[in-house]
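The values are calculated or read from the model by the stated rules, or taken from the named source; none is laboratory data. Since this is a predicted model, take the numbers as computed values, not measurements. Positions of Cβ are generated from backbone atoms using ideal geometry, with glycine treated the same way; all protein chains shown enter the neighbour counts. Heavy atoms of the whole protein, side chains included, go into the accessibility calculation; ligands, DNA and RNA do not. Shrake-Rupley method; radii C 1.70, N 1.55, O 1.52, S 1.80 Å.
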Amino acid sequence: MTVRPLPRSRLDALVPSLVAEQALVALVPATGDRKWAAAAAWDVARAAAQGGRRVALVDLWLEDPTLHEVVGVTPSEGIVDAFEYDVSLTKAAHEVDHVFFIAAGTATTHAGELFASERWRRLQGGFRVEGALLLLYLSAGALARLSAVPDGLLVLSPDGYEPESSIGQGITAAMERGIPLLGVVRERWTPVAPAAPAAASPPPRSSGPSPHPARRRTRPAVVVATVAAGAVGGWALFARGAEHARAPAALAPAAKPAAPTAARPAPPPAPPRTDTLPWTVQLVAYATLDRALVAGDRLAAAGITPFVTPVAIGGRRSATVWYRVLAGAYATRDSALAGRAAVWAHGLAARGRGDVLRAPYSLRLAGDTDADNLRAHGIPAVRWGAPPQLWVGAFENPEQASLTAGRLRTAGVRAALVTRVRTRP
């Protein structure tokens, strides 16, 4: 599975092209640090709004909403009021940093009905027609109950996430519904230190709504002076009438198939080969090949095989190429962790830096191709294996290798995509 790291310092450069063709994107925290996740969600929204694109950010973490705290706004009405009490979305929205923000609003005991509402499909269709973007900040569990199938998913976690964790399993379930994982928003390319234990869940509220209220209680309504009361009044996209008027035209060509009531069980994975070396350690990534090769040469000088890997990030028409510097080929995740510790011990990377990845594929080159000549063509080859051969890259899936395979064809070099093994395949 390809998981694109999206460091917060690079969101302005990476996010616009990544969500250029999406109308509805889910932002799902995979960390106990909710304060960090909320701030990262705002960074994503601001980055997507560059260039004048209309972007709406909705707080659907209804149990304990925090997005409004990031920008110092605590509006009394929000998405719950719009869905349950017919409050206009235009009225509920506030423009902050060129982002149209809709808070959670009043407390509700009908969250399940809100997520299951067909109105989400209509909103998705309206945003698609307008070329706008709707960002929903919600948990993996809430995403599973959402009636609409988002066009993409961004995971928010400072140090990445483990697919085996409970949240990771929820993300996998979302992908099985047909929601593509666009990337993982992190604090940086690689973590500074091992991930800390998840923070404890916030304590439950001391009081809840009465069984049969005429209207559920509202949170304190204090809007900072910098948010103009009528800032978003002219954006008809939020109006209920716009949803109904635009939905038929949008949904006809772009509607997604309804999610199945029960996911079909995945076929059992093929038994792994005992001699495969699928694991590696990503130490850093650069926007230029020259810098990546320098880092790779330092590893090679220390006796550690570097796999410099070109990876295209972004949409097909606006992809950016980054060069990952990966160290070594290992049979197990534990051995890759030991290899990373050796890199730290040699002073080749700062302690705490390095992501352990399962990237089993490499391109094995045919013939007596000259490595220096390949570098001149932007192809970072390395001599490795027994017997030694020229290889390029360490890829998480075959699709990720397509960019490098195309460059090899242009250079007239024959190559085969294979899994790395201890002996010649």
Exercise for the section: Run the accessible area of segment 1-66 with a 1.4 Å probe and give the carbon-and-sulfur part as a rounded percent. Expected result: 47 percent
Fill in the blank from the handout: Heavy-atom accessible area of segment 282-425 with neighbours in place, 1.4 angstrom probe: carbon+sulfur share in percent works out to 49 percent
Exercise for the section: With a 1.4 Å probe and every protein chain kept in, tell me what percent of the accessible surface of segment 77-118 is carbon plus sulfur. Expected result: 48 percent
Exercise for the section: Can you tell me the relative contact order of segment 99-191? Whole percent, Cα pairs under 8 Å, sequence separation 6 or more. Expected result: 28 percent
Handout entry: Cα→Cβ-extended label distance, 7 Å offset, between His377 and Arg409, nm
Key = 1.3 nm
Exercise for the section: Heavy atoms only, probe 1.4 angstrom, no DNA, RNA or ligands counted: give me Glu21, Glu130, Glu396 ranked by accessible area, highest first. Expected result: Glu21, Glu130, Glu396
Problem - Sequence-separation-based contact order of segment 27-105, relative, with Cα cut under 8 Å and 6+ spacing, percent - result: 34 percent
Exercise for the section: Note down the magnitude of the dipole of segment 20-66 about its Cα centre, charges +1 on Lys and Arg C-beta and -1 on Asp and Glu C-beta and zero elsewhere, to the nearest 20 debye. Expected result: 220 debye
Handout entry: Inter-label distance, nm, simple model (7 Å from Cα along the C-beta direction), His110/Gln169
Key = 3.2 nm
Practice task
Express the accessible area of segment 330-372 per residue in Å², computed with a 1.4 Å probe while the remaining protein chains stay in the model.
Solution key: 51 Å²
